[in-house]
Structure formats: C-alpha cells, structure tokens
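These notes are about the structure you will find just below.
The values are calculated or read from the model by the stated rules, or taken from the named source; none is laboratory data. In this text, all values refer to a predicted model and were calculated from it rather than measured experimentally. Cβ sites come from the backbone with ideal geometry, for glycine too, and all protein chains shown count toward neighbours.
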Amino acid sequence: MKLIVDIEKEMADFKLAVSFIAETGNTLGLLGASGSGKSLTLRCIAGLTTPTRGRIVLNDRVLFDSDNGINLPCQKRNISFLFQHYALFPHLTVEQNIGFPLRKLDIKERKRRIKENLDFVKLTGLESRYPNQISGGQQQRVALARALVVQPDALLLDEPLSALDQHLRGEMERQLLALLSSFQGFSIYVTHNLEEAYRLCPELVILANGKVNARGSRESIFLHPPTYTAAQLTGCKNLSVARAVSPNFIEAVDWNCRLRVAQALPGNLSHVGIRAHHVVFVDRQEGVNVFPCWLKSKEESPTTVTLYLSLHNQQEERQTYHLLAEVSKEKWMFMKNHVFPWFVHLPPESLFLTTGE
C-alpha cells in the first residue's frame, strides 16, 4: 500500500511542486529550511489546502485529482494532523478533547477508544482536567491521543516537539519513536531538527524552494548527500567547490588541495564535502589526503570542541579558516598543547561529492 503525492500549488510569491511516494511502516521525514514548503505539503495531503493541480492517492483511494475534479474534504480522508501548537479546545477537558472526533460513535465504543488512547499516552487520571491545567508535554500527548483515536490511515506530524523544552523533547521523542514504529498506516514527519529527523525517520525527502531536492534513506542522505543543498540542510559545514582531475582525484578549490576520493565522480560534480566529526588528526604528513594545519579558533560545548583550521600555512587573517573539525573534550585535552603544524587526514571514504542543486 502506498501514499502517492504529485501536486503543485501556485501562490502569489511561492510555488510548490512536489512528487514522492510513502510506504507503510517507514516514517517519511520532510526536511527543509523555513519556507521550503514542508507544512504546505502536509496541508495539501490533509485536505486543509487545495493544490492547484496534481493527484494524491492513499491506499488506492483517490483523495485529490485535478484532472477528474476529485477533492475529498478533510473529514473524509481518514488522515490525522498533529499540529505544532496542538490546537486543543480550551473549554473541553482532556477526555472531551480526545473524544471530539468520535462524536458520531456510540457511547460504549467512544469510551473504549478514549480509555485505550489515554493509557497509551500515559494520561490516565487527568481525564477531567482542562488544557490550561496540564503541562506542555501533557498537552502534546492529548493532541497525539486525539490524532490516533480515529484510527487513521495516515498520520501527519508538523514539528510536534518544537514547543517543548529539551527534557520533554527527549521523553516525547522516545514515545513517538515507539508509536511510529508500530503504526500500521502512513506517517509523515515535518522537522528542521537534523538529529530528530535521523532518529525518527528511516526515509527522508529534502525540500528546497518548494521542490524535492533529494530523497533516500537517512543513512544515504547523511553519509552521501547527493546535492549541495542536501549537504547544507543535513548540517555539513565543510564544503568546497570541486573539479575533476581524474576518475579518482579531484581538486578542492576552496581548500586549495588535491584529494583522492572513493566515490564515483558525478557528471555534474560541483562540490566536495566532509562532516566535521570525520576529519582525522594524525602524527605526521604521510599517505593520501594528509595536510598540515593550524588552529584559528575554537568553540566548546559540554562534550565536544569545534576547531576552525587553516590548511597548508599559518594565514595572517585570524578569522580565515578552511575546515571545521569536531573532537571530544578528552581528545582536545590530549592535543591542545601539541606544537604546530598539526596534520589532518581527510579519508577518501568519508568524502562525498555533490551536484550544484
């Protein structure tokens, strides 16, 4: 069974044109910068916004088809939408909010489903409270229970953790992971949080300027992003213009070096990249892709240190650097007193090549 989305939405200052297929059992993540069309895509699938043209098919049931004049209203699509800010009814209790979509069911079935979902989201005992009487994390769980209580064919989640503090985010993320892993329908998860997307979404679609920029498994997208935009959106800070030298070597223009690569060169090669945590420090300048470097500046977090490095020579401009490297605090304590130059290794298998899209 599949969810097929092939739509366009023309607006005054923006055009959405996306096409992808989602499979049951694998949460599909929509990743992109603000304004890339992530939430608009969800609204079109849910029926809250009407595309200008195209087709949406869920389990062989046509939800929207501009050519044939089909546009099912949102209440007939059997799709649940978990909004970023929950959209709870402030005048209804927790129990009433969860049961709101079940108004047409008989009392016995309605109570059974409400209890089942209260238990699932661990809110038993809070049935009679109002949204302003519970925490933000509990409100989020009420919204989740309300989305699940209708037993939807598809679950759309629009940055559902963004309003929570760091502790609650971690707790709710674990609950969402358990839910999405067992959910029998389709699930599409919108986020701009890279780590959240990686943990929750086995498949990713990268959106940029209203279009699909890249699509693939989370492993392939993060290890070998196929486009320059995908590399940026997945958090790569080390990107250089690249030119082919031979089938196995490229020139990294911005880094002023020649590199051996393991990946086959794409025909429209534009950039080479490497993740900061894949940069390796070695003792001497031996082997391929090893270069002298000097530390320009650093930034510390509780567990890691980010090093800004210049290659080849100690440039006079203090803020000029070529590469970022990320090391553990333990590694930094070991290496910080070593005399310069240090030597940095860019492993061929850790380098990835992108197109200019």
For the range 218-233, state whether one or more residues are without any contact (Cβ under 8 Å) to a residue 24 or more places away in the chain, under 16 Å from the mean Cα position of the chain (by Cα) and farther than 24 Å from Leu40 by Cβ. yes
Report yes if some residue within the range 168-185 is at pLDDT 85 or above, buried (at least 19 other Cβ atoms within 10 Å of the Cβ) and among the polar types (S, T, N, Q); otherwise report no. no
Here the residues within the range 306-357 that are in a helix (DSSP H, G or I) and surrounded by 17 or more Cβ atoms within 10 Å (Cβ to Cβ) are Ser350
Could you list, in sequence order, all residues of the range 92-105 that are touching a Phe, Trp or Tyr at 6+ places or on another chain (Cβ under 8 Å) and under 15 Å from Leu126 (Cα atoms)? Leu92, Thr93, Val94, Gln96, Asn97
For the range 129-149, which residues satisfy the criterion of being over 10 Å from Leu118 (Cα atoms) and of a type in the set (Val, Ile, Thr)? Ile134
Can you tell me which residues in the range 250-288 are over 30 Å from Thr304 (Cβ atoms) and either in contact with a Cys (Cβ under 6 Å, 6 or more places away or on another chain) or surrounded by 15 or more Cβ atoms within 10 Å (Cβ to Cβ) (or both)? Glu251, Leu265, Leu269
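Looking only at the range 311-357, which residues are among the polar types (S, T, N, Q) and under 24 Å from Leu269 (Cα atoms)?
Across the range 311-357, the qualifying residues are Ser350, Thr354, Thr355.
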Kindly establish whether Ser297 is hydroxyl-bearing (Ser, Thr, Tyr), assigned to a strand (DSSP E or B), in the same structural domain as Asn248 (by TED's automatic domain parsing) and under 30 Å from the mean Cα position of the chain (by Cα). yes
If the requirement is being farther than 28 Å from Met172 by Cα and without any contact (Cβ under 8 Å) to a residue 12 or more places away in the chain, which of these qualifies: Asp65, Asp60? Asp65
Strands (runs of 3 or more DSSP E) completely within the range 40-147 that count 3 or more residues being closer than 22 Å to Met11 by Cβ and under 29 Å from the mean Cα position of the chain (by Cα): 53-58, 61-65
